[in-house]
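The next block holds one structure in the form of structure tokens; read it before the comments.
The values are calculated or read from the model by the stated rules, or taken from the named source; none is laboratory data. Quick caveat, the model's predicted, so the values are computed rather than measured. Here the Cβ positions follow ideal geometry from the backbone for every residue, glycine too, while neighbour counts run over all protein chains shown. For the accessible areas, the whole protein counts, side chains as well, though only heavy atoms, and no ligand, DNA or RNA atoms are used. Shrake-Rupley method; radii C 1.70, N 1.55, O 1.52, S 1.80 Å.
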Amino acid sequence: MSGLDGVVAANTALSHVDGAAGELVVRGKAIDDLTGRIDFAGMAALLWGDLAPVSRDRDALGRALGAARGAAARLVPGLLATTKGLSAVEGLRAGLALLPDRDGDADALAATAAIPVFTAALSRAARGLAALEPDPAADPASDFLRLLHGRDPHPAEAAALDAYLVTVADHGMNASTFAARVVASTRAGLVSSVLAGLCALKGPLHGGAPGPVLDMLDAIGTPANCEAWLRAELGRGERLMGFGHRVYRTRDPRADVLKAALHRLAKARGGDVGRLAFAEQIERTALALLQEKQPNRKLDTNVEFYTALLLEAVGIPRDLFTPVFAMGRVLGWIAHVWEQEQSGRLIRPQSRYTGPMPAGKRAA
Ligand code: ACO
């Protein structure tokens, strides 16, 4: 019962994580067939589809999200005035709290658009830079990179980030999605539910793993140090970051699609990208050593390994990794909120009382 492992908390038509087969299916399609083939607005259209209060196709959603980024930018001065000293994800939490719970359709657009706009503005403010105006005609990934870096991204960089956002958009009943559904089940409203999702995502056991992958790369330092470092780490009983998964008992399909996205970025840049070649050497060595250490348990690369490399390769600072994860996952949270509101009952489980009882009474 601890951690609700194996408990089915909802029926969903949105996504299915098959841990034994190493498959992620979103709305009937394998993630391998989605990433790189549809973009962020296309994923929003796929996930939101028949659940959304206002039905829009990919192009209409792209336009609506562009307009909503402009509206989010108008909240930035007020946000920056109240978030000094907070981390980026804490600032984003404050920013989402500024949005009203008013109308499911407008709120979905507002919450989705606010995440990139607020995240870029918070990051720039921390660097002493002014926030930039969103471009409503740009695609969300390009616009975010420009708002963050202050220059137009290379199309291949935007495509790589877009591939990441699509890949992480939904993943079964993960902790943040469950949190969003619990709040939605009380009919508290869409923004409140999304905010609950972000609060759950913020924890290092959920959305915070890619940073340590980069710490590991930093600590290994050079290719020559790779095997010795990894052996020493395992010898001390430490876990190698970016390997193993609670649900996937074989490969994590998201690792493969992100690795492919990184290779596309490398090709477009005409060579290596970031530390991809070095990371691949670490991956090969780590997998061999993990196989040696746990011959009966297939420990494979998980999504966090290539997430870290991809986000680093497109210039995202480590403190923005969780807000950028939220930028993609918000599509899933919103779809789950609508699904919960349409078909779910109030989520109200039981607890088993283990405390003292009044004299003469026993807990039932
Ligand atoms: N490095 C070394 N050994 C490992 C690793 C690893 N990355 N993962 C599992 N093992 C070992 C465990 O120590 C355990 O050994 P033991 O039986 O001697 O104690 C054995 O393999 C089996 O462990 P599992 O039951 O598969 O692992 P569990 O389900 O408890 O944990 C987890 C899964 C937390 C992801 C684990 O693999 C881990 O700590 N990985 C490193 C951190 C990481 O990459 N986190 C991101 C995960 S992806 C995500 O959350 C989105």
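Please report, in debye to the nearest 20, how large the charge dipole of the stretch 64-213 is about its Cα centre when each Lys and Arg carries +1 at its beta carbon and each Asp and Glu carries -1 there.
In total the dipole reaches around 520 debye.
I'd like the Kirkwood hydrodynamic radius of the stretch 111-173, using the inverse of the mean 1/r over distinct C-alpha pairs, in Å.
12.3
Taking +1 at the Cβ of each Lys and Arg and -1 at the Cβ of each Asp and Glu, which of Leu346, Val89, Met216 sits farthest along the dipole of the chain towards its positive end, judged by Cα position relative to the Cα centre?
Leu346
Calculate how many DSSP beta bridges within the chain are antiparallel, expressed in % of all such bridges and rounded to the nearest 5.
Of all bridge pairs located within the chain, approximately 90 percent are antiparallel.
Could you pull out the longest piece of the chain with no exposed loop trypsin sites (Lys or Arg not before Pro) in it, calling a site exposed if DSSP puts it outside H, G, I, E, B and it has at most 11 other Cβ atoms within 10 Å?
No qualifying site falls inside 152-235, the longest such stretch.
Which FRET efficiency value, to the nearest 0.05, is calculated for Arg187 and Asp50 with the Förster distance at 35 angstrom and r the Cβ-Cβ distance?
For Arg187 and Asp50, the calculated efficiency is 0.95.
Report the Stokes-Einstein translational diffusion coefficient (µm² s⁻¹, integer) for the stretch 137-212, Rh taken as the Kirkwood radius over Cα pairs, at 4 °C with viscosity 1.567 mPa s.
In µm²/s, the coefficient rounds to 91.
Just the accessible area per residue of the chain, please: how many Å² with a 1.4 Å probe?
Ligands and nucleic acids excluded, the result is 46 Å² per residue.
Taking a cut-off of 21 Å, what percent of all Cα-Cα pairs in the stretch 211-313 are separated by more than that?
Of all Cα-Cα pairs in the stretch 211-313, 31 percent lie more than 21 Å apart.
Assuming 0.36 nm per residue, please report the length gained on full extension of the stretch Asp57 to Asp319 beyond their Cα-Cα distance.
91.0 nm is the gain from fully extending Asp57 to Asp319.
Treating only the Cβ of Lys, Arg, Asp and Glu as charged (+1, +1, -1, -1), what charge dipole size does the chain show about its Cα centre? Round to the nearest 20 debye.
Around 1020 debye, computed over the chain.
I'd like the Karplus ³J(HN,Hα) series for the stretch 325-337: coefficients 6.51, -1.76, 1.60, θ = phi - 60°, whole numbers in Hz, and an x wherever there's a Gly or Pro.
Per-residue couplings from phi come out as 4, 4, 4, x, 5, 4, 4, x, 4, 5, 4, 5, 4 Hz.
Please identify every one of the chymotrypsin sites (Phe, Trp or Tyr not before Pro) in the stretch 289-364 that sits in a loop by DSSP and has no more than 11 other beta carbons within 10 Å of its own beta carbon.
Tyr353
Using a cut-off of 12 Å between beta-carbons, work out the net charge of the residues near Pro323 (Lys and Arg +1, Asp and Glu -1, Pro323 not included).
With Lys, Arg at +1 and Asp, Glu at -1, the net is +2.
Dimensions of the chain along principal axes (Cα, Å, largest first)?
The principal-axis extents, from largest down, are 67, 57, 43 Å.
Could you tally the net charge around Gly91, taking each other residue with its Cβ under 15 Å from the Cβ of Gly91, Lys/Arg +1 and Asp/Glu -1?
Counting the neighbours of Gly91, the net charge comes to +3.
How large is the Kirkwood hydrodynamic radius of the stretch 1-77, in angstrom, based on all distinct alpha carbon pairs?
15.1
With a cap of 16 neighbouring Cβ atoms within 10 Å, and only residues DSSP puts in a loop, list the chymotrypsin sites (Phe, Trp or Tyr not before Pro) found in the stretch 114-220.
Qualifying residues, ordered by number: none.
Have a look at Val183, Ala45, Ala111 and report the one farthest towards the positive end of the charge dipole of the chain, computed about the Cα centre with Cβ charges (Lys/Arg +1, Asp/Glu -1).
Val183
Please report, as a whole percent, how much of the solvent-accessible surface of the chain comes from carbon and sulfur atoms (probe radius 1.4 Å).
C and S fraction of accessible area: 54 percent.
Given an 8 Å cut-off on Cα distances and at least 6 residues of separation, report the relative contact order of the chain as a percent.
25
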